[in-house]
Amino acid sequence: MSTSRHRWIPDDLDVDLDALRERYRVERDRRVRPDGATQYQRAEGQFGYYAEDPYVEPGFTREPLRDRVDAVVIGGGFGGLVAGARLRQAGLDRIRIIEKAGDFGGTWYWNRYPGIHCDIESYIYLPLLEEVGYVPRWKYSPGEEIRQHAMAIGRTFDLYRDACFQTGVRELRWDDGEWIVRTDRDDEMRATYVVVAGGGLDHPKLPNIPGIEDFTGHTFHTSRWDYGYTGGDANGDLTGLADKRVAVIGTGATAIQVIPHVARDARHLYVFQRTPSTVDVRDNRPTDPEWAASLEPGWHTRRRENFQDVLTGAKVDEDLVNDAWTASARVLGKIISTEIPDGMDPAEWEKIEELLDARKMNQLRARVDEIVDDPATAELLKPWYRYGCKRPTFSDEYLPTFNRDNVTLVDTADHGGVERITEHTLVVGDREYEVDCIVFATGFDVGKSDVATGRLPVYGRDGVHLLQSWMTTGPRTLHGFTSNGFPNLFHLGTLQNAPSVNFTHVLDEQAIHVAAAVAEARKRGVECIEPTVAAETAWVETIRATSPDRGDFDADCTPGYYNNEGMARGPRQTYGPGPAAFQRLLRAWRAGDGIEEVLGDGR
Ligand code: NDP
């Protein structure tokens, strides 16, 4: 064993890895379903009411638009907002954000459930803090503070002026040097540039549980919380539930935040769990005003880069965020590409990572024993998989909830989840649970943009359909933003670039890059920003060569959307060296003559 290996292995570690792997395999096999991702359905058609907008007055109408703007930005969440803000800084006048919802905020517009907070530190998660002149009031912001900040960005950058709310884009078509944007309100507007920033958490999903349509009690999805029924607000006080038996289906990152509030106020709460989450320490606290007053210009960028550096294994003098995310940095490599410690052989590092992972998971399982009184319930709440198989969660209130007399944990792991729903009950094995209300905390169609699914057809030069043109070749972009044949069209998101857990940071770096290309094109009087075929091919090759193959790791994980519900899939389409390296690459590209790759004639 090399000295470097010793350095990384904790002294207190005594793990039988073979036994642990076997336990993980058994827990995985209990949960894999043959129907994989098709066990879910979108909240549409007969279930469309689960996705309706509860925050707007029904019946909104307006005249169709037939005008011309400098840029159309699709999506009014943080992706669209940072794109709008950075394009404004680049000097564009008419910037039109088109958004399905009634205001800005994206996921923070839709999700207003009790307990909602961001689980990434607010000082790095909220974008454009210095530009807006705001310091969040909590280390982890409540959802409403985040939504207010989204609207403040809209005001600061004058993005309300041309915004179109309650509007869905139906088609993008390149025509004679500009884009025609058609919407579900019969708009046919023209734009020089289009930025697609549709986000990845906007389509709620429901399980295909037999009998789901037979339930006669009340039901809703967490992303459309029905306060008319429950009473209260995002701070809790759900007085309407005082005489109600409530079922929450799901124990993911959303349910972790919801469940303590429902438990406090409902007559009885049944938590239907299939796979327990990892629930780490939260330790939320109000912002120290002295610290806020001491912040020097540039603090926000420094802090979010520091977080990213810590998470990706770069050397830093100080861990500024210093929370349960950064404490787990060495075992996050399967979620976010991390650097291998200097001089370490990758295979050797893989083994060490597994040991560190075992230690982390043992700590999290021990936390359950420390907090939950009933040993049988504690056993059910322990996560048996590697860290990062599921989205990590953080709460100091979730686990104590199971010490309450009015809370029952129903384990559904051996039944593939809730098996059946009847008029008044949920069925698991030979037990029926009678309830008045079912809350679906069952998540979203994660990460699939409307362009990638074909729901938003895009026709480029010569009427070529973007998605169809990728059918045989796979996705083709330069840096994930632009594609040959689709001039002045930019995608923000996760495709062929480098994601990270602080996703607003990733989006802002993307927006800065897109805005820089637009500014340079305008300065030079160049009409089209479009990558050459050579540049695009080189990038696709880079992605192919570096994209991490997590096949083995994914195959050993309990199912979920991270591993396509336990079904094999091709390599991820991401830049292997990770987000920090990707951002350095983009900066170097901008500083050098990279821009020539997109400002030629695109051939
Ligand atoms: P998830 O997809 O993470 O969780 C869905 C839950 O529903 C899982 O526990 C799943 O179990 C369960 N489930 C699904 N079908 C059934 C069934 N038939 N019977 C029983 N249980 C079932 O959705 P979330 O809304 O919790 O989170 C989605 C994403 O939103 C997160 O991953 C995160 O990215 C984001 N988020 C971020 C927050 C933040 O603070 N930044 C806060 C909340 C969410 P199983 O695991 O077994 O499939």
Practice prompt. At q = 0.12, 0.21 Å⁻¹, work out log10 I(q)/I(0) for the range 252-386 with the Debye formula, treating every Cα as an identical point scatterer and leaving solvent out; two decimals please.
Written response: -0.68, -1.29
Worksheet, complete the sentence: Computed on Cα atoms, Rg of the chain relative to 2.2 N^0.38 Å comes out at 0.97
Worksheet item: With +1 on each Lys and Arg Cβ and -1 on each Asp and Glu Cβ, how big is the dipole of the range 401-528 about its Cα centre, in debye rounded to the nearest 20?
Response: 1080 debye
Worksheet item: If all Cα-Cα distances of the range 141-220 are sorted into 5 Å bins from 0 onward, what percent lands in each bin, rounded to whole numbers?
Response: 3, 9, 12, 17, 15, 13, 12, 9, 6, 3, 1
Worksheet item: Non-local amide H neighbours of Trp138 (under 5 Å, H modeled in plane, Pro and chain starts lacking H): which ones?
Response: Thr287
Worksheet item: By accessible area of protein heavy atoms, probe 1.4 Å, what ranking do Thr239, Thr251 get, highest first?
Response: Thr239, Thr251
Worksheet item: With every protein chain left in place, what is the accessible area per residue of the chain in square angstrom, probe 1.4 Å?
Response: 42 Å²
Worksheet item: Cα convex hull of the range 438-498: how many Å³ per residue?
Response: 110 Å³
Discussion item. For Lys351, give me every one of the aspartates and glutamates with a C-alpha distance below 18 angstrom, ignoring sequence neighbours fewer than eight places off in its own chain.
Written reply: Asp11, Asp12, Asp14, Asp16, Asp18, Glu22, Glu339, Asp342, Asp549, Asp552, Asp554, Asp556
Discussion item. Considering only C-alpha atoms, what is the centroid distance from the range 351-384 to the range 535-603, in Å?
Written reply: 33 Å
Practice prompt. Using per-residue counts of other Cβ atoms within 10 Å, averaged over each peptide, order 76-83, 344-351, 392-399 from highest down.
Written response: 76-83, 392-399, 344-351
Response to the item:
Taking the alpha-carbon centre of each part, the distance from the range 214-286 to the range 21-64 in Å is 17 Å
Item to complete: Only residues of the range 128-143 count here: report those whose backbone N is under 18 Å from the spot 7 Å along Cα→Cβ of Asp283, or say none.
Response: 138-141
Worksheet item: Just checking the chain: which Cys have no other cysteine's beta-carbon under 4.7 Å?
Response: Cys118, Cys164, Cys437, Cys528
Discussion item. Quick check on the range 316-472: take the gyration tensor over C-alpha atoms, sort the square-rooted eigenvalues as a ≥ b ≥ c, and tell me if it's rounded (a/c under 1.5), prolate or oblate.
Written reply: oblate
Discussion item. Using amide H atoms built in the peptide plane, which far-off residues or other-chain residues are under 5 Å from Val73 H to H?
Written reply: Arg96, Ile97, Ile98, Val195
Worksheet entry | chymotrypsin sites (Phe, Trp or Tyr not before Pro) restricted to DSSP loop in the range 13-75 with at most 13 other C-beta within 10 Å | Tyr55, Phe60
Worksheet item: Long-range amide H contacts for Met189: which residues qualify at under 5 Å (H placed 1.01 Å from N, peptide plane, sequence gap of 5 or more or a different chain)?
Response: Val181
Item to complete: Would you mind giving the average projected area, over all directions, of the Cα convex hull of the range 394-467 in nm² with one decimal?
Response: 9.1 nm²
Discussion item. Let me check against my output: what whole-number percent is the relative contact order of the chain, with C-alpha pairs under 8 Å and at least 6 apart?
Written reply: 20 percent
Discussion item. Which of the three applies to the range 218-282, rounded, prolate or oblate, going by the alpha-carbon gyration tensor with a ≥ b ≥ c and a/c under 1.5 meaning rounded?
Written reply: prolate
Item to complete: Can you bin the range 483-551 into rounded, prolate or oblate? Criterion: square roots of the alpha carbon gyration tensor eigenvalues sorted a ≥ b ≥ c, rounded for a/c under 1.5, prolate for a/b above b/c, oblate for the rest.
Response: oblate
Fill in: Cα lying deepest toward the dipole's positive end in the chain, options Thr532, Phe490, Val418, charges on Cβ
Thr532
Practice prompt. Could you tell me the accessible area of Asp243 in Å² (1.4 Å probe, neighbours in place), rounded to the nearest ten?
Written response: 90 Å²
Worksheet item: What number, rounded to the nearest 500 deg cm²/dmol, is the helix-based mean residue ellipticity at 222 nm of the chain, given -39500 (n - 2.57) per DSSP H run of at least four residues and division by all its residues?
Response: -9500 deg cm²/dmol
Worksheet entry | Compactness relative to 2.2 N^0.38 Å, alpha carbon Rg of the range 401-526 | 1.70
Worksheet item: Of all DSSP beta bridges located in the chain, what percent are antiparallel, nearest 5?
Response: 40 percent
Practice prompt. Once you've got the Cα coordinates, tell me which of Lys334/Lys390; Lys100/Lys448; Lys334/Lys360; Lys360/Lys390; Lys205/Lys334; Lys139/Lys205 are over 19 Å apart.
Written response: Lys205/Lys334; Lys139/Lys205
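The values are calculated or read from the model by the stated rules, or taken from the named source; none is laboratory data. Since this is a predicted model, take the numbers as computed values, not measurements. As a convention, Cβ positions derive from the backbone with ideal geometry for all residues, glycine included, and neighbour counts pool all protein chains shown. For the accessible areas, the whole protein counts, side chains as well, though only heavy atoms, and no ligand, DNA or RNA atoms are used. Shrake-Rupley method; radii C 1.70, N 1.55, O 1.52, S 1.80 Å.
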